[in-house]
1. Nearest-5 percent of antiparallel DSSP beta bridges in region 118-253?
2. Of 201, 244, which has the most accessible area with a 1.4 Å probe, and how do the rest follow in descending order?
3. Heavy atoms only, 1.4 Å probe, whole protein assembly: order 132, 199 by accessible area, highest first.
4. Write down the accessible area per residue of the chain in Å², having rolled a 1.4 Å probe over the full set of protein chains.
5. Could you work out what % of the accessible surface of the chain is carbon and sulfur, using a 1.4 angstrom probe and leaving DNA, RNA and ligands out of the count?
6. Name the long-range amide H neighbours of residue 208: under 5 Å, sequence gap of 5 or more, or other chain; modelled H, no Pro or chain starts.
7. Quick one: accessible surface of residue 81, probe radius 1.4 Å, all protein chains present, in square angstrom to the nearest 10.
8. State, as an integer percentage, the relative contact order of the chain based on alpha-carbon contacts under 8 Å between residues 6 or more apart.
Amino acid sequence: MNYIDGLRQDTSVLPNGMVFNARIKFMENIVKAINNNQLPKYHFPQLQLSEKEITTYMEHNINLDEIEFQTMSARLEKFDHDLGEFRSYLQTRFGYWATITEDFVEAIKNNFPNQTFLELMAGNGYLSKGLRDFDIKTYCTDDLSWSKYNQTGKIKITDVESLEAISALEKYGSQVDNVILAWSPDREDIDYRVLQKIRQLDVNFLVIGEKYGATNSREFWDSAKLQEDSRIQRINQSYSNYDLVKDQLYLVK
């Protein structure tokens, strides 16, 4: 049984479970897009149930007897838990780490018009794919030395040149306006070494990550100088924060 089928099974045993169908359909469309080597069109809404949704649903089923109500509550809790596994599912099944969507990439294009990009540690190339789809010149690189035990690098959706990050900067860093790095691992210091290298170049450094959280090393966050920039604020309006991970785009000096 796949992940979406599991969600449908969760709701099939809930009274009036069809009220959750729109949410599951949205998630199904995300999976279909990625399965077809496309980006999801729109940034994701909050996927787990809000307290208000849970309270309203419970109130609508208040007429159940005690045993039925307790069973329903347990099943609702399982459904909510399974909704919270969506990020892990996308990462493990597709190597889809940062939540790259068409509207997010379009916001990058609109706020950094007529500029060129180098993506480091690109994995399957979702971000570069989006930039290239908008006819933005993008060098996409990754030697995948950081990637293990998932589908990262195994289902590339655009051409990815096999270059580790520092080598990619040495080859292309002087040829682009922007270097972009999404979801660098939190237990490796490659991002810190990249930052020191980029400081020798005349480029913007754009980072998608969660500060002192799920991404990037502590050395990186300790050293990074995060810049206030209205362009970044506008782009982040189209970036998905749909669960407990609060990642976003940063301009780093």
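The values are calculated or read from the model by the stated rules, or taken from the named source; none is laboratory data. Just so we're clear, the structure is a prediction, and the values are computed from it rather than from any experiment. With ideal geometry, Cβ positions are generated from the backbone for all residues, glycine too; neighbour counts draw on all protein chains shown. All accessible areas refer to the heavy atoms of the entire protein, side chains included, with ligands and DNA or RNA removed. Shrake-Rupley method; radii C 1.70, N 1.55, O 1.52, S 1.80 Å.
1. Restricted to region 118-253, the bridges split so that about 35 percent are antiparallel.
2. Details: 201 50, 244 155 Å².
Result of the area sort, largest leading: 244, 201.
3. On the way: 132 70, 199 95 Å².
My answer, sorted largest first, is 199, 132.
4. 50
5. Numbers: 5790 of 12640 Å².
Looking at the chain in its full context, I get 46 percent from C and S.
6. Sorted by chain and number, the residues that satisfy this are 181, 182, 183, 250.
7. Estimated to the nearest 10 Å², residue 81 gives 110 Å².
8. Values: 404 pairs, mean separation 46.0, N = 253.
Once divided by the residue count of the chain, the mean separation gives 18 percent.
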